[in-house]
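The values are calculated or read from the model by the stated rules, or taken from the named source; none is laboratory data. If you're wondering where the values come from, they're calculated on a predicted model, not measured in any experiment. Positions of Cβ are generated from backbone atoms using ideal geometry, with glycine treated the same way; all protein chains shown enter the neighbour counts.
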There are 2 protein chains.
Amino acid sequence: MKTIYLDHVATNPLNPEVLEAMLPYFRERYGNPLSLYEPGMKAREAIENARESTASLINAKSKEIIFTASGAEANNFALKGIAYANQNKGKHLIISRIEHHSILNTARFLEKSGFAVTYLPVDKYGTVNPEDVEKAITKETILISIIHASPEIGTIEPIAEISKIAKQKGVVLHTDAVASVGNIPVDVQSLGIDLLSFAAHQFYGPKGAAAIYVKEGMRIVPLIYGGIQEGGRRAGTENVPAIVGMGKAAELARINIQKRIDHIMPLRDQLISNALKIDKIILTGHPEQRLPGHASFVVEYIEGEAMLLLLAAKGIYCASGSACSSKALKASPVLISIGIPAHLAQGSVVFTLGEDTTEDNINYFNETFPQIISRLREISPYAKGWEGMEGSSCTVKK
Amino acid sequence: MKTIYLDHVATNPLNPEVLEAMLPYFRERYGNPLSLYEPGMKAREAIENARESTASLINAKSKEIIFTASGAEANNFALKGIAYANQNKGKHLIISRIEHHSILNTARFLEKSGFAVTYLPVDKYGTVNPEDVEKAITKETILISIIHASPEIGTIEPIAEISKIAKQKGVVLHTDAVASVGNIPVDVQSLGIDLLSFAAHQFYGPKGAAAIYVKEGMRIVPLIYGGIQEGGRRAGTENVPAIVGMGKAAELARINIQKRIDHIMPLRDQLISNALKIDKIILTGHPEQRLPGHASFVVEYIEGEAMLLLLAAKGIYCASGSACSSKALKASPVLISIGIPAHLAQGSVVFTLGEDTTEDNINYFNETFPQIISRLREISPYAKGWEGMEGSSCTVKK
């Protein structure tokens, strides 16, 4: 069976050149990078080269890059690290309602530890209003953290505008750029941000390698204490092959980013315009200010999980922002935040394209997707007279 | 030049079978393990198999294993996670003075956050006295964390005895077993502990894969918040290849552990008895209760870094517990704790054998090491009339 991978926002296969670059560091240049002998020094050198290449991708300096093991770790580090470093100045944080769980749940942990958090609303496209950020800032505010691009609805936030406000008010600004770095050009200088999280597997690098940009001179309390790795700011024996892989993937992303965008954006646009011909389907997220490979919908009368399973049966691999598929049995907070009612949020589906996506793939998809919707609606009890069934949700059905 | 790797406690080359097991998860079974389609489900299945094998190595249940990215992360998670989960019961922790930096520095962070920490002394062999543990426990004590085996001096601590006391008093017990798991049999049931940290690269598994054993029913606050990975206790897209590698390495360690010990222990004993023929050299750590591949010394009149460099020039790769080599410019707290004066602690050197170490290697070492000591003593200003030079240290010299 033909298989079409349309879940690039979840993760990606490793680029073969990246794997090639990593291989010598498993068994040959295996030494501990802190050691004084050759296999260790080669490893240390490789880490510093990777740091330079990783920094280049976002126009940062090498010393502003701290490697972590995941975007989630980088996000936890940013929030807790800045909160603890600045708690004497104030104990107020501002985030948006559409942050990733690694930001949302860390914010909730900090609330339990005596910090106050403002959760900013978004408009129907999922965009944060910079004026709302400004209004939310108090004398106690020590950190603003706004996602750069939503993996669930694709919307790109006006970070540069928000950063002007943050600078004016002297508040530190972090952005979770896991879904954006490597997929669109990201420049920490022109964005004007202080901290930024990103992950290698989002741009064909390895899982287990991610990084946080911390602007020179910014104080941050470690999340992981221990040895002197990463300048004493993130302990643990370095995952050398993964870091090397991140460096290589960053280099390739920097070179190829425009080519990748030019390839996937027209295909994505085809997919969207075809999908929107289906009856009672809504594009979620911003129609223009969105990730180039990102298409997300809510399909009325249908459950996300059923869609995913039937699509998978046809060889199409994608994701649902619906809570049922993530086993949490709660409607997605992102979809609720953009005004999608809970019962409709169950019909969420997200297609994300990658550099391997072909026109053939999209043609096949365009043919298959409407057929699956029709089939599901035929067998769905909801499709007949759904309207007015507020409060229905997948938890009720289970 | 012949090279002899005697720094197995720092890290290890990946076992070729382990690499083989990992390879399909980079580009073929690359899917996100939370997804509902085949490449993701294969990845999830592989993680659960790895969890079972990893659990088996320490006689735990699969659901008692939480994967992390490093031993340092596991140690930070244990201390902060148990402290935050139990702070309503009390705010007192007990650790030893010879803990790894990832425990020591996390304890210091917790002290700043309102917890009290008792740092237990050790005897001249680096052994914690279980009676000292008992005496240190108060009504406020919520956690005891004692290292299982010291990577610096090799001493194995009496964890089973300490666990009896902890159980009697109803205090949670964690052990940092990074240096021991995979090198000696470790059984969480017979040790009677509640939490245990270990890392794959210590037993020929990959860097970037480690785990914490958390006894069934034990509440722990996450260190990394986010998605529902690892039962909601450790977020972040799983590093599937590394986890698969840890599972394979655990399987091999479980099968081969006695064979590995039988191979390296006689070689290590040869190394020690030969080295002890050198004038003014001290074996650090316990003479019997020590890791089977571990030999550590303090060589009077000599600086560790100089030893490492000359040994490396002869193809012998090893480590120094001395602070100069780790760039921290402080004498090792472990050596100070066992009563080695600061100026002697600079002459620390650690040799750790592995399954690849041969009798030829040790013969070459036994020949080379005394020559290097002689040469260094010839050129050392300290070697002539060192006695009485208390207070001299590498910080003074720099």
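Observations, loosely collected:
- In the stretch A:259-285, the residue that is farthest from A:ILE153 (Cα to Cα) out of those that are outside any loop (DSSP other than H, G, I, E, B) and without any contact (Cβ under 8 Å) to a residue 12 or more places away in the chain is A:LYS259.
- For B:GLY226, the criteria (1) over 21 Å from the mean Cα position of the chain (by Cα); (2) free of Cβ contacts under 8 Å to residues at least 60 places away in the same chain; (3) crowded, with 19+ Cβ neighbours inside 10 Å; (4) not assigned by TED's automatic domain parsing to the domain that holds B:ALA55 hold in every case but one, which is (4).
- Taken together, A:ALA149, A:ALA209, A:ALA200, A:ALA177 contain a single residue that is under 21 Å from A:SER102 (Cα atoms), of a type in the set (A, V, I, L, M, F, W, C), in contact with an Asp or Glu (Cβ under 8 Å, 6 or more places away or on another chain) and at pLDDT 95 or above, which is A:ALA149.
- Subset of the stretch A:1-35 that is in a helix (DSSP H, G or I) and of a type outside the set (D, E, K, R) - its residue that is nearest to A:LEU309 (Cα to Cα): A:PRO16
- Tally, over the stretch A:22-59, of residues that are hydrophobic (A, V, I, L, M, F, W, C), within 12 Å of another protein chain (Cβ to nearest Cβ) and touching a Lys or Arg at 6+ places or on another chain (Cβ under 7 Å): 1
- Residue within the stretch B:64-81 that is surrounded by fewer than 24 Cβ atoms within 10 Å (Cβ to Cβ) and away from every other protein chain (no Cβ under 12 Å) present: yes
- Tally of residues being more than 9 Å from every other protein chain (Cβ to nearest Cβ) and closer than 16 Å to A:GLU64 by Cα across the stretch A:192-231: 19
- Residues in the stretch B:152-162 that are surrounded by fewer than 23 Cβ atoms within 10 Å (Cβ to Cβ) and not hydrophobic (A, V, I, L, M, F, W, C): B:PRO158, B:GLU161.
- Residues of the stretch B:333-354 include none that is of a type outside the set (Val, Ile, Thr), at positive phi and touching a helix residue (DSSP H, G or I) at 6+ places or on another chain (Cβ under 8 Å).
- Among the residues making up the stretch A:168-182, those that are in contact with a strand residue (DSSP E or B) (Cβ under 8 Å, 6 or more places away or on another chain) and at negative phi are A:LYS169, A:VAL171, A:VAL172, A:LEU173, A:HIS174, A:THR175, A:ASP176, A:ALA177, A:VAL178, A:ALA179, A:SER180, A:VAL181.
- Being out of contact with any Phe, Trp or Tyr (no Cβ under 9 Å at 6 or more places or on another chain) and of a type in the set (Gly, Ala, Ser) is not true of B:GLY182.
Quick grid of which residues meet (1) surrounded by fewer than 19 Cβ atoms within 10 Å (Cβ to Cβ); (2) within 11 Å of chain B (Cβ to nearest Cβ):
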| residue | (1), (2) |
| --- | --- |
| A:HIS92 | no, no |
| A:GLU99 | no, yes |
| A:GLY114 | yes, yes |
| A:PRO121 | yes, no |
| A:GLU131 | yes, no |
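- Residues that are within 14 Å of B:ILE94 (Cα to Cα) and either of a type in the set (Gly, Ala, Ser) or assigned to a loop (DSSP other than H, G, I, E, B) (or both), drawn from the stretch B:146-197: B:ILE146, B:ILE147, B:SER163, B:ALA166, B:GLY170, B:VAL171
- Failed criterion for B:ALA249 (all others in (1) in a helix (DSSP H, G or I); (2) under 23 Å from the mean Cα position of the chain (by Cα); (3) away from chain A (no Cβ under 14 Å) hold): (3)
- Only one of the listed residues (B:ALA50, B:ALA46, B:ALA85, B:ALA55) is among the hydrophobic types (A, V, I, L, M, F, W, C) and buried (at least 23 other Cβ atoms within 10 Å of the Cβ). That residue is B:ALA50.
- Condition check for B:VAL128: touching a residue at least 40 places away in the same chain (Cβ under 8 Å) and more than 23 Å from B:ARG219 (Cα to Cα): no
- Selection status of B:GLN270, at pLDDT 95 or above and within 21 Å of the chain's Cα centre (by Cα): no
Residue-by-condition table, conditions (1) touching a Gly at 6+ places or on another chain (Cβ under 8 Å); (2) buried (at least 16 other Cβ atoms within 10 Å of the Cβ):
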| residue | (1), (2) |
| --- | --- |
| B:ASP269 | no, no |
| B:ASP279 | no, no |
| B:TYR317 | yes, yes |
| B:PRO333 | no, yes |
| B:SER337 | yes, yes |
| B:HIS343 | yes, yes |
| B:ASN361 | no, yes |
| B:GLN371 | no, no |
| B:SER374 | no, no |
